[in-house]
Structures are given as C-alpha cells and as structure tokens.
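What follows is a set of notes on a single structure, which appears directly below.
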Amino acid sequence: MVAPRTVCVIGSGISGLAAAKAFRERGHPVTVMERGPDLGGVWEPSRSYPDVRTQTPKDIYAFSEMPMPAGYPEWPAGAQVHAYLRAYAERFGLVPAIRFGCTVTSLKKRSGPGWDVTATGTDGVPTTQAFDFVAICTGQFSQKNFPVHPGAEGFRAGGGTILHSSEHTDAETVRGRRVVVLGYSKSATDVAVSAVKHGAAAVTIVYRDPAWKIPYFLGGLVNFKRILYCRAAEAMFLPFDAGPLRRLAQRLAAPLVWANWRALEALLTVQFGLKRKGLRPATRIEDDIHCNLSIETPGFYAMVGQGRIAAHRGTIASYDGNDVVLTGGERVPADLVVMATGWRQDIPILEGADRARLIDADGQYRLYRMMVNPDLPDLGFVGFNSSFATNLSAELGAAWLVRYMDGRLARQPTRARMEAEIARSLTWRRTERPAAAHYGGLCIAPYHNRHFGDLLGDIGVPTREANPLTALFAPLRPAVYARLLARAPAYRAEPAGSPAAGTVRAA
C-alpha cells in the first residue's frame, strides 16, 4: 500500500505544473507555492521581455498529453506559451492548488521525515507549514545574474535606466532611446532586435566572445529540429557512463563526426556571414552544443551587417555620466542598459549544511538523475536541469520523482548506486566534457533521448521503437511519450483503512 503524503511544490512554471499534476494523479495532496502573481514561470507576462519566442518548435515544446494549438506558429510567442500553460493548468485542475504571491523563504529539515516550509504571503506575514515531501521546481530562471559596475548610481541619477532582461517588459520604453545590451545569449539578441524594431535611437550589443547560434532553418531550408533533436545527432557525443565498446565505436567514427561538425560550422559561417562581421566563434561547435547553445534571433546578423546594431567585444567596465565605458576603452552613449546576463543556479532557501550536501565547491550539483540527493531525503527537483525540450523533461522527471518518493520505481535506486553514479557523472563533467558543467552540470542536452530513456526504464517502460529509422532520425515527439507513460505500472495512494487501500488501479 502507498499512503498519501503531503507535497509542497515550489514554483508554478512548466516544471511546477508538471510536478503538481504527477503527484496529484498518484493521490497525494499538493500545495503549489508561487511567488509571482500568475503561473507560467519565465513565461509569466510580468517577466517576459518584448517579442520573446520559444527556441524550440511547438511540437516539441509541449506536454505529451496536450499539444500546442494548431493555430500557433512554429515558434510561439511568449503570450501564446503563457496561454497554453494556463489552459494546461485549468484542464488538469491545478489552479486551485496554487498559492499566488507566496514566497518561500526557507526550507528546514524536520527531526523526522519531511520539511518545514516557511513562506511569506502578500500580507508580509511569514508562516511555517510541515510537508512530507518538497519538490523544488524553480528551474533555471529564478535567481537573476545582475552584474554591478562602477558609476551605475551616477548613471541612474542622470536619467539612465539599468534593467535585467526579465524586467524589460515594455517595448515602448526603447523608443527614441540609446540602448545598450550586455550579453550574447538568445535573450540578448532578442532584446537588441526588438529595440531596433520598436524605434530605439541606437542599439549596441556588448559581448565577451561570439558563440555559435543555430538558425530556425539550416541553409534556409531544413528545420534545425531534424538535425539536432534526433538520436543520430546524440550518438556523436560520448555519454558519461560509456563502456569500452562504446568508446571504441566513438574512436572509429571520430573522422566522420569531425567532418560533420566542420561542415556545419562552414554552413553557418556562410549563411550568417560570420567572418565578414567578425562574429565567427573560435570554439568548436560540438563544444558549444549544450544548454548555452542558442537559436539565432531572426534578423540579428543582418542588422549587425547593416549597422543597425553595433557589436562591441568586451564587457562593461564602468559608467561615466551618460556613457557606458567598455573594457576596450570605447565609450557608448546610453539611456537604457539591459543586462541579458542570465541567471544563477542557486537554492538560497536551503540551510547552509543542506546546500553543502547538494552543491560542491565548484558549483556542481550532486543529483542522481538530476533530481534527488541521497543525503536529502524527502526533497526532489523537477526542471532544475536545463533542456531544449523543457515540458517533456519536466513531465518525465515528475513521473519519475513521484514513483521514487513512493518506492514504486521498477529500478528503485539504492544509496550506493546513487552515490556511485553521481561520482562518475561529476568526474566526467570535470575531465572529459567540460561543456556539461554548465548550469551546475544539470544540462541534459545533447543527451535528451538517453536521459528520457533512463527515466522510463527506471519507471518500468520499454522505450525501443519498432522502426529503427524513425528511432534514429525522427526528432523528439511528446505524443510518443504519452503512449509510453500510459504503459507504466499504475497505482494510486490511498489513506489507510480506505476500501481501496492496498489495491492497484489506474490513476
């Protein structure tokens, strides 16, 4: 018999919604704590910069049981994604479980099982509630990375504005103003292109190093999902637990793999005119294929070539009056500076000793399947790992986590197995594939299929497709995973003494 457990889900973005649905469907009472005024996480309107769109096509950036509306474009806008998430929450009855304006300030391990969760509501009064299990679903975009440079206060006093990209929510604020964007991620190029389109007087992007960007259509013809989201592409990378035969196969295929990446670099260099614009990266593209790899904002390279966006290599050294002074000595007049500098991976609500058990000195997270730590029982993470298929990753992760909590995995891991795999993964990140160390080592790209297969195998679902060509070359298809999850052993938690206690039934 599985007894119901009270579950606190922190965050109501994609991951929080997936977790709330998974735990509720297994019969566990769920409370979702959301610090913002609405659900959606990074897609919540008050956190979305103008003209934001998904990087991933809509047929992949979707939950398995609910495709995005047919009328949406291939890459939906932020408002459309938010509407989709709202519809998902309403369809599965999740909205009543969400406490909006509820900021979790601390998690404290109880002397017995469970955690004390302290949160502050809109009235400013902190309250503490005990839960049997806590799922942290705050994702990658919770703690702002906001660098501070000398002279910032003087710049603001003179009428200048400095914002994080998540705070830049009104497109009209750029009109007639001189805009400087710091960063080279998709958010940086999105903000720069949007500023040009919305009438900025001048737009400058400042970046440390150019990075490879992938167009929506390679060569203007082939949707990138057919190249980068399939098992064939994934097979070109060596996984962390590769055995001797797998390593031998990798060495034999190395010349072909090398030629493939050089061909892709050549294609992108020509398609975007990277050499001419001085924006060709020095790194190998295969080393950049992790969760920092971004999609090219349509029009960005063209606007740089036309001089509508000025691109300066370096970073901000200081502010001097109304000028932004760069490390190369350039002075750029500015009225608005947007920090597209991303986010920090941290969990400040945990006590110091618990954080030390979870995070190594170099910032690497000690998580089995990127979700649980053997030293922190009754705590799990959904969507804390970065992915190009966020919805599917969160959904499968939540399905795994609830079964882990209930002891219902077909391959329930022992403490020894978790510790051994965590250690092996950490060694691999630090020595063999440093690119995997980004985001605290919690990026599953380019190993989506491998990661999803591991989760489903643990749950007890075979994942091999009958058609080997489809299995090798088809991009990720969430609907396939809905059918796979439907084959998982079914059960539902029941209170002790209830007529259904001890029985197994469909959720």
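Just a few scattered comments:
Let's see how each residue does on (1) closer than 25 Å to Arg53 by Cα; (2) not charged (D, E, K, R):
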residue	(1), (2)
Phe217	yes, yes
Ile227	yes, yes
Phe237	no, yes
Phe240	no, yes
Ala254	no, yes
Thr269	yes, yes
Leu279	yes, yes
Asn292	yes, yes
Arg308	yes, no
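- Any hit, region 241-252, residues being assigned to a loop (DSSP other than H, G, I, E, B), of a type in the set (Lys, Arg) and at pLDDT below 95: no
- Filtered by the rule that a residue be exposed (fewer than 13 other Cβ atoms within 10 Å of the Cβ) and closer than 16 Å to Gly220 by Cα, region 256-274 gives Ala263, Ala266, Val270.
- Residue that is in contact with a Lys or Arg (Cβ under 9 Å, 6 or more places away or on another chain), in the same structural domain as Arg26 (by TED's automatic domain parsing), among the charged types (D, E, K, R) and on the phi < 0 side of the Ramachandran plot, where the choices are Asp123, Asp116: Asp116
- Total residues in region 327-367 satisfying the condition of being without any contact (Cβ under 8 Å) to a residue 60 or more places away in the chain, farther than 21 Å from Thr118 by Cα and either among the hydrophobic types (A, V, I, L, M, F, W, C) or assigned to a strand (DSSP E or B) (or both): the figure is 2.
- Within region 228-240, the set of residues being closer than 17 Å to Ala435 by Cα and either among the β-branched types (Val, Ile, Thr) or not in a loop (DSSP other than H, G, I, E, B) (or both) comprises Leu228, Ala233, Glu234.
- Look at (1) closer than 30 Å to Ile359 by Cβ; (2) part of a helix (DSSP H, G or I); (3) at pLDDT 85 or above and you find that Ala437 fails only one, number (3).
- Residue in region 194-209 that is touching a residue at least 60 places away in the same chain (Cβ under 8 Å), closer than 19 Å to Ala445 by Cβ and not β-branched (Val, Ile, Thr) present: no
- Residue selected from region 124-160 under the condition among the hydrophobic types (A, V, I, L, M, F, W, C), in a loop (DSSP other than H, G, I, E, B) and touching a Gly at 6+ places or on another chain (Cβ under 9 Å), by the criterion farthest from Arg178 (Cα to Cα): Cys137
- Test result for Ala22, under 15 Å from the mean Cα position of the chain (by Cα), of a type in the set (A, V, I, L, M) and not in a loop (DSSP other than H, G, I, E, B): no
- In the set (1) at pLDDT 95 or above; (2) under 25 Å from Met371 (Cβ atoms), the condition left unmet by Gly176 is number (2).
The values are calculated or read from the model by the stated rules, or taken from the named source; none is laboratory data. Quick caveat: nothing in here was measured; it's all calculated off a predicted structure. Because the Cβ atoms are built from the backbone with ideal geometry, glycine has one as well, and the counts that use them run over all protein chains shown.
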